1. Have a look at B:ILE140, B:ILE145, B:ILE121 and point out the one that is buried (at least 20 other Cβ atoms within 10 Å of the Cβ), assigned to a strand (DSSP E or B) and in contact with a strand residue (DSSP E or B) (Cβ under 6 Å, 6 or more places away or on another chain).
2. What residue, of A:ASN155, A:ASN93, is within 28 Å of B:ALA67 (Cβ to Cβ), surrounded by fewer than 22 Cβ atoms within 10 Å (Cβ to Cβ), at the interface with chain B (Cβ under 9 Å from one of its Cβ atoms) and free of Cβ contacts under 8 Å to residues at least 24 places away in the same chain?
3. If you go through region A:22-66 one residue at a time, how many are buried (at least 21 other Cβ atoms within 10 Å of the Cβ), polar (S, T, N, Q) and within 23 Å of B:PHE198 (Cα to Cα)?
4. I'd like the residue in region A:98-116 that is within 22 Å of A:GLN27 (Cα to Cα) and either modelled with pLDDT under 90 or not in a loop (DSSP other than H, G, I, E, B) (or both) and, out of all such residues, is nearest to the other protein chains (Cβ to nearest Cβ).
5. Within region A:12-36, work out how many residues are under 14 Å from A:ALA58 (Cβ atoms) and among the β-branched types (Val, Ile, Thr).
6. Just name the residue that is surrounded by the most Cβ atoms within 10 Å (Cβ to Cβ) out of those in region B:148-175 that are more than 10 Å from every other protein chain (Cβ to nearest Cβ) and assigned to a helix (DSSP H, G or I).
7. Out of (1) out of contact with any helix residue (DSSP H, G or I) (no Cβ under 8 Å at 6 or more places or on another chain); (2) of a type outside the set (Gly, Ala, Ser); (3) away from chain B (no Cβ under 14 Å), what's the single condition that is false for A:ILE71?
8. Across region A:158-177, which residue is farthest from the chain's Cα centre (by Cα) among those that are in contact (Cβ under 8 Å) with a residue 60 or more places away in the chain and more than 7 Å from every other protein chain (Cβ to nearest Cβ)?
Amino acid sequence: GLEETLCTLKLRHNIGQSTSPDAYNPQAGRLKTLTSLDFPILRWLGLAAEHGSIYKNAMFVPYYNVNANSILYVLNGSAWFQVVDCSGNAVFNGELNEGQVLTIPQNYAVAIKSLDDNFSYVAFKTNDIPQIAALAGLTSSIRALPLDVVAHAFNLDRDQARQLKNNNPYKFLVPPPQSQ
Amino acid sequence: TFRQQPQQNECQFQRLNALEPDNSVKSEAGTIETWNPNNDQLRCAGVALSRCTIQRNGLRRPFYTNAPQEIYIQQGRGIFGLIFPGCRETYEEPQEQEQGQGPRPQDRHQKVEHFREGDIIAVPTGVPFWMYNNEQTPVIAITLIDTTNLDNQLDQIPRRFYLSGNQEQEFLQYQQKEGGQGQQQEGGNEGGNVLSGFNDEFLEEAFSVDREIVRNIKGKNDDREGSIVEVKEGLKVISPPTLRPRQGREEEEEEEEEEEERRGDRRRHRPHHHEEEEEEEEWSHQVRRVRRPHHHREDRN
């Protein structure tokens, strides 16, 4: 059985040039995640990776890594990053340029706004099936909360709560305001 | 394989003590009491404990934690929700058509569950959770956070990441009191939610909302105390008619007992089958052991 498993394991998988990204928006950019589901050796390693490219002024909505730390390396261009801890403190608020690394701890909220047309990054994740949870947009936790819970949790009237839940029609990547 | 081992000598006890909560944070509609997670016994076990009391119409604001939680309902009834990232919203109302306008977006949300005394609620790491007391009796919930669980890739300090409000972190208060490293690492414990650290412009763009709503998202217009807030007129959520939140407890227990009896009857009605199955199972194990001694993994099928 060893020959059929270990010796023939697939050891390479390209995510940088992928023609089938997991998320794609022609005005905002693309995302591709590689997990142990499509690259089984990652299960042994307990690691995964994500490649993202975001167009100028487009945004990756605030999100957090549910079950992994993320070590993000900028491949090209630059972007503005904000990282927030559990007490609501911005533990990072600044520009990240090509060649720089930022560690985003598990569960810390992060948002990215690209400053360049060719901004791209690779993020190494410390779990072989990492999950992210968006805090804004179509699949966000806030959108999934009942309207009344949003209204009372955020001290909003119903109409404002409805806006908060529904105004952003995008999943992860939001195009720049003028192209919306 | 699910837990990290305690560090060397962390569990060498001469004497064990009964522990009571030693910190209490009051909210508008309830209280959260905590046991010091730095206590030797709790550190050895790798857990943190808290007791939450929610008054009538109290809503515990949504939050997630850096480790899995197990919650025991000591008293009361109510509803709760868990938001699994990426899962589809399952309940929805028909869209209202307003005059001269397109359909107005109506609420869609995930399953809302009911809880009652004696229930255990399991909350995975990083999954937002909220709960609400819709009855007269105060809800008392005991929560264990398993900080040494392998799902937690941070340190052993339990953290609650609130999605809204500007309340202080209950567990981080110990770090603050003891002047420990945790407080410095977290940049203080002034109170806030995971969105309050973002710039206004970021949030305006991310949610596509105006500045006033952004102030509310950041908890700036909110002078309500703590993480449990009062919903004066009562919380309205969509739930299917088959859920009976005010069903009498006795009635529910009767149903459970009937179900138990039904199961028992089914078992009693086919005793021979059972024995035959057991015999057959035993026989087939022997055959497998004889014929395929090296294929243990197949036996599991």
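1. B:ILE145
2. Checking each option against the conditions leaves just A:ASN93.
3. 2
4. So the residue we want is A:ALA111.
5. Count: 0.
6. B:TYR174
7. Unmet condition: (3).
8. A:PRO176
The values are calculated or read from the model by the stated rules, or taken from the named source; none is laboratory data. All of these numbers come straight from a predicted model, not from anything done at the bench. Virtual Cβ from ideal backbone geometry, glycine too; neighbours counted across all protein chains shown.
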